[in-house]
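Asker: Below are the structure tokens for one structure; questions will follow.
The values are calculated or read from the model by the stated rules, or taken from the named source; none is laboratory data. Because the structure is predicted, anything quoted here is derived from the model rather than measured. When we count neighbours, we look across all protein chains shown, and the Cβ atoms used for this are built from the backbone with ideal geometry, even at glycine. Surface accessibility is based on the protein's heavy atoms, side chains included, excluding ligands, DNA and RNA. Shrake-Rupley method; radii C 1.70, N 1.55, O 1.52, S 1.80 Å.
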Amino acid sequence: MKIILLKDVKKQGKKGDILNVKDGYGTFLINKGDAVLATTNSVDRLDRENKEKEKRELQNIKKCEELKTKIEKLTISFKVKTGTSDRVFGSISPKQIGEELKSKGYEIDKKQIKIDGTISSLGFHNVDIELHKKVVAKLKIELKK
């Protein structure tokens with residue numbers, strides 16, 4: 001029996017996969033609402049949905065690319081307290097960077113901000129912002145007294 005998965009099924013496949021399973025298991029998945037019978041109509045509908053999904057994904061990537069160019073032109077400055085020999089007290093966190101970006105009009109979640117190590121010295125630092133799996137922007141951050 002050929003079925004199309006409507007949800008991810010553990011050890012079987014992901015949503016949208018077309019599987020060839022035994023009749024009893026196929027009936028079980030269909031009754032449970034995790035799959036539908038793979039008819040020509042349902043396969044055509046799946047193809048249309050995949051094309052629409054791909055089109056939306058490309059539009060999303062294009063928007064992320066535009067945002068990337070804007071972010072890479074930006075430099076964010078933080079005034080920090082320093083001790084003897086210009087050592088910074090504490091460090092700059094993704095939350096602080098996210099709040100600063102939000103104040104400048106960019107909706108970036110702190111989980112998208114990737115910092116290698118810590119930002120705890122004066123000067124310029126580069127931070128990666130993962131806008132999409134395929135789009136990563138480099139943001140320049142400056143720490144000054």
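Asker: Can you say whether K79 is free of Cβ contacts under 8 Å to residues at least 40 places away in the same chain, among the charged types (D, E, K, R) and under 30 Å from G123 (Cα atoms), as far as the supplied structure shows?
Answerer: No; evaluated as a whole, the condition is false for this residue.
Asker: Pairs, please: C-beta under 6 Å, at least 6 apart or cross-chain, first residue closer than 16 Å to K134 by Cα and in the stretch 44-61, second open to solvent by less than 100 Å² (accessible area, probe 1.4 Å)?
Answerer: Cβ pairs passing all conditions: I61/H132.
Asker: Limited to the stretch 94-115, what total is found for residues that are in contact (Cβ under 8 Å) with a residue 12 or more places away in the chain and more than 18 Å from E66 (Cβ to Cβ)?
Answerer: 11
Asker: On to the next question. Do the conditions hold for K11, that is, is it assigned to a helix (DSSP H, G or I) and open to solvent by 80 Å² or more (accessible area, probe 1.4 Å)?
Answerer: no
Asker: I'd like to check something: does the stretch 55-76 contain any residue that is touching a helix residue (DSSP H, G or I) at 6+ places or on another chain (Cβ under 7 Å) and either among the acidic types (D, E) or within 30 Å of T118 (Cβ to Cβ) (or both)?
Answerer: Scanning the stretch 55-76 turns up at least one residue that is touching a helix residue (DSSP H, G or I) at 6+ places or on another chain (Cβ under 7 Å) and either among the acidic types (D, E) or within 30 Å of T118 (Cβ to Cβ) (or both).
Asker: So which strands (runs of 3 or more DSSP E) are wholly in the stretch 22-136 and hold at least 1 residues that are more than 29 Å from L5 (Cα to Cα), open to solvent by less than 70 Å² (accessible area, probe 1.4 Å) and at pLDDT 90 or above?
Answerer: Filter on the stretch 22-136 gives 75-79, 123-132.
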